[in-house]
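Below: one structure, written as structure tokens.
The values are calculated or read from the model by the stated rules, or taken from the named source; none is laboratory data. Only a predicted model underlies this, so the values are computations on that prediction, with no experimental measurement involved. Counting neighbours? That spans all protein chains shown, and the Cβs are built from the backbone with ideal geometry, glycine included.
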């Protein structure tokens, strides 16, 4: 009996992406932190701060049984609009770079696809950014929707069979 790569993969990996000093580009990190603070996820769900890690995310993605990416997603919609992109719709290509050190998520997804290691269950969930420029913090439009984005992530995890439980709110003094 042979063991396929899918049989030895870890569980689900949730990766928060983005750069918090670039305004709304930090929504993935903000949502991941809120998820950690307000929800208990099962042991087979790993929460990863992917920030701007680039190629170092490749082994994390390749070893996962399922990948859920949280990010600012530019769809040309109104700021704060939900965006859900399924695996087959995710942009995956190797692009010409300004610098050999410049590697983005599209390159990581393209490499995993070429190597046959991109999990079948790979989804990106995010919000349309209002501002992506050097500034600290999210725009008002996205700050107001962080909890909503977390609920979208929890909903996807639960649709994949992971039971998530809201943490009790801390007692107020």
When you scan segment 36-48, do you find a residue that is under 13 Å from the mean Cα position of the chain (by Cα), under 17 Å from residue 148 (Cα atoms), at pLDDT 95 or above and crowded, with 17+ Cβ neighbours inside 10 Å, even just one? no
Pairs under 6 Å by beta carbon, first residue more than 23 Å from residue 45 (Cα to Cα) in segment 16-28, partner modelled with pLDDT under 95 and part of a strand (DSSP E or B), six or more apart or different chains? 23/135; 24/72; 25/72
Note on segment 145-172: residues more than 19 Å from the chain's Cα centre (by Cα) and touching a residue at least 24 places away in the same chain (Cβ under 8 Å) are 165, 166, 167
